[in-house]
Amino acid sequence: MGLILAMAGNAVGLGNFLRFPVQAVQNGGGAFIIPYLVCFLVMGIPLLWVEWAMGRFGGKQGHHSTPFILDSMGKRALWKYVGVFGIWTNIAIAAYYCYLESWTLSYMMHSLLGTFSGQTQEDISNFFSQYVSLGPSSVGIPYEPIFFFVVCLLLNTWILSKGLMAGVEKVAKVGMPLLILFGIFLAYKGLTITAGEAGAIHDSSVGLNFLWTPQYDKILSPTVWLAAAGQIFFTLAVGMGTIHCYASYMKSRDDIALNAMSAGWMNEFVEVVLGGAILIPVAVGYLGIDKVNELVQLGGLGLGFKTLPYLFFQWGPILGAFSSFLWFGLLFFAGITSSLAMGTPWMGFLQDEFNWKRKPAAWSFGGLVLLLGMPTVLFFNYGVFDEYDYWTGTVALVVFALLECILFAWVFGLGKGWREITEGADLKVPRVYRFIIRWVTPALLLWVFVGSLFTPKGGDWGAYLRGDWEMDNSSIIKKLMNSSIHEKIAVTTDLTQIQQLQDQLFYVNASRFLLLGLFVFICGLVFVAHQRRVALAKRKQESEILELTKV
Amino acid sequence: MNTAALAFMLITLGLVTSMTLYFFSKVLKVPPKTYPVDLQETAADVPEK
């Protein structure tokens, strides 16, 4: 049970409450749920099984991190470097995710201190902007965002140093039920908003209509399917390497089929049932559809941090402070269970390959995240945070999932892979999934990757057939070329703005080099670890020969 | 709420909630597995002779 809760805690994160409802609103409302659930069944579930199976298989051979788990499944040396994604992604995501998590910690404190009480929506919005710009703190804590980032990191590192069973599972066992309870309370409040009461301008039904009314014309749009697939990745934490790491500590006959299904569906419950009942109904109830439409363009974060404290304090200073504290507490629990999971692959790697003890391994993770995360804190307004999120939290997940799926189904072999999935299973796995894992999941992943590489302008996929294909600035290729910033520089005449954009260009490129540097560094460590293994095997062989000669 | 939105919402919530409860209850009902001594993870788990 502890492992399922830890796995579900790993999957349930800030995206369940902040990202899913915004994605649904932007991509067809109720109709979004069709591609979303299809992607869950043919991509999410198979990837969960594949990753659990790979992790347990690697664990049987004493590997607890992806480089050598993948290495044990494929004969080519390349696979262990593909496995580097499973460590790199976690460290890089933790670098910005811990900062995001620290906002929730700070907002919890401000909710209790009544900072948001009596403020207008503009004040709350400005509070957030000032916070991320490292402006003066309203409570006198110098460099408040840095302070909370460090506190958050210390907390994560300390829990990790207590170990997987004692630390992570304990937090998940307490955190997950609390999170669901917080969620149910806030969902109840969200679903019972009445126009005219406590400052609400609409009933909750208006928000629910806004979220759930199906736009049937969007069901077949590839852009909507890409968004649904992306959301499944984000929410299930597949393609990261954390699942492999957790599963590698399981015993050889432990069930993985039912555990994966259970953790996956628990995540869906928190996302669809609770996540769908809070953000949009509450925001529409107090701000109206036009304002929410405007805010969803900024993504879920804008809506979550810039508006919700204002909405909660419409319920009065006491209930407002309590609800706001609960909401950010809920986000904090969702965040910390995920960020803790991100530390385990790096720690497993150091412990396996370099015989590090748990505590120094945990503190080295904290140190790396501090170094890598500080630019996201200091240069947030220059897009460093978004840059990390894009390359590690979006692109890398798809690339790694695609490669591991090919390894599992085509290199390792589906016959052996299927035995791994079904061994010790407490659930009869439908045989149709053999076909899905071999053909459908890789094809869908390839389509998601290629679609993201060449995303057309305005989501107009028909343009390819008409011959007037133009790539959107959100496509991977245009993003790599910094087309959006270059276009802005070209049309701006204000010298100060041009300088700002050029600074942004510098920080964006620098953050990419930083991420690339980390990847190369981990590749170097994997190379050294491999050499150590080869030398160790050689020494063992030599001593065996020596023994035989003596005999 | 309009009928289409209500139908989509109720079907989705019903489906997701029932699947979650179904798999979670299945996990709770599964009896704990017993392992032969040689499959146990650490030496500490092996009963002393």
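Throughout, read-outs are computed from the coordinates displayed, never taken from laboratory work. This is a predicted model, so every value here is computed, not measured. Cβ sites come from the backbone with ideal geometry, for glycine too, and all protein chains shown count toward neighbours.
Considering every residue within the range A:391-410, establish whether at least one is more than 24 Å from A:Leu78 (Cα to Cα) and not aliphatic (A, V, I, L, M). Within the range A:391-410, not a single residue is more than 24 Å from A:Leu78 (Cα to Cα) and not aliphatic (A, V, I, L, M).
The number of residues in the range A:251-262 that are within 9 Å of chain B (Cβ to nearest Cβ) and either in contact (Cβ under 8 Å) with a residue 12 or more places away in the chain or surrounded by 24 or more Cβ atoms within 10 Å (Cβ to Cβ) (or both) comes to 8. Checked against (1) in contact (Cβ under 8 Å) with a residue 12 or more places away in the chain; (2) outside any helix (DSSP H, G or I), A:Pro430 meets all criteria but (1). Considering (1) touching a Pro at 6+ places or on another chain (Cβ under 9 Å); (2) away from chain B (no Cβ under 12 Å), the lone condition that A:Lys306 does not fulfil carries the number (1).
Please enumerate the residues belonging to the range A:112-156 that are touching a residue at least 12 places away in the same chain (Cβ under 8 Å), aliphatic (A, V, I, L, M) and closer than 30 Å to A:Gly343 by Cβ. Result: A:Leu112, A:Val132, A:Leu134, A:Val139, A:Ile146, A:Val150, A:Val151, A:Leu153, A:Leu154, A:Leu155.
Among residues belonging to the range A:17-36 that are at the interface with another protein chain (Cβ under 10 Å from one of its Cβ atoms) and either over 20 Å from A:Leu274 (Cβ atoms) or out of contact with any helix residue (DSSP H, G or I) (no Cβ under 8 Å at 6 or more places or on another chain) (or both), point out the one that is surrounded by the fewest Cβ atoms within 10 Å (Cβ to Cβ). Among those residues, the one meeting the criterion is A:Ile34.
Scanning the range A:352-362 for residues that are in contact (Cβ under 8 Å) with a residue 12 or more places away in the chain and either surrounded by fewer than 17 Cβ atoms within 10 Å (Cβ to Cβ) or basic (Lys, Arg) (or both) yields A:Phe354, A:Arg358, A:Lys359. Selection of helices (runs of 4 or more DSSP H) fully inside the range A:23-109 by the criterion of at least 1 residues being of a type outside the set (Asp, Glu) and within 23 Å of A:Leu518 (Cβ to Cβ) returns A:45-60, A:66-71, A:78-82. A:Gly230 passes every criterion in (1) within 14 Å of chain B (Cβ to nearest Cβ); (2) in contact (Cβ under 8 Å) with a residue 60 or more places away in the chain; (3) touching a helix residue (DSSP H, G or I) at 6+ places or on another chain (Cβ under 8 Å) apart from (1). Within the range B:1-30, residues that are within 7 Å of chain A (Cβ to nearest Cβ) reach partners that are surrounded by fewer than 14 Cβ atoms within 10 Å (Cβ to Cβ) with beta carbons closer than 8 Å, at six or more positions or on different chains, in the pairs B:Val27/A:Met1. Does any residue of the range A:304-313 turn out to be closer than 24 Å to A:Asn90 by Cβ, touching a residue at least 24 places away in the same chain (Cβ under 8 Å) and part of a helix (DSSP H, G or I)? For the range A:304-313, residues closer than 24 Å to A:Asn90 by Cβ, touching a residue at least 24 places away in the same chain (Cβ under 8 Å) and part of a helix (DSSP H, G or I): present. The single condition among (1) over 24 Å from the mean Cα position of the chain (by Cα); (2) away from chain B (no Cβ under 13 Å); (3) free of Cβ contacts under 8 Å to residues at least 40 places away in the same chain that A:Leu295 does not meet is (1).
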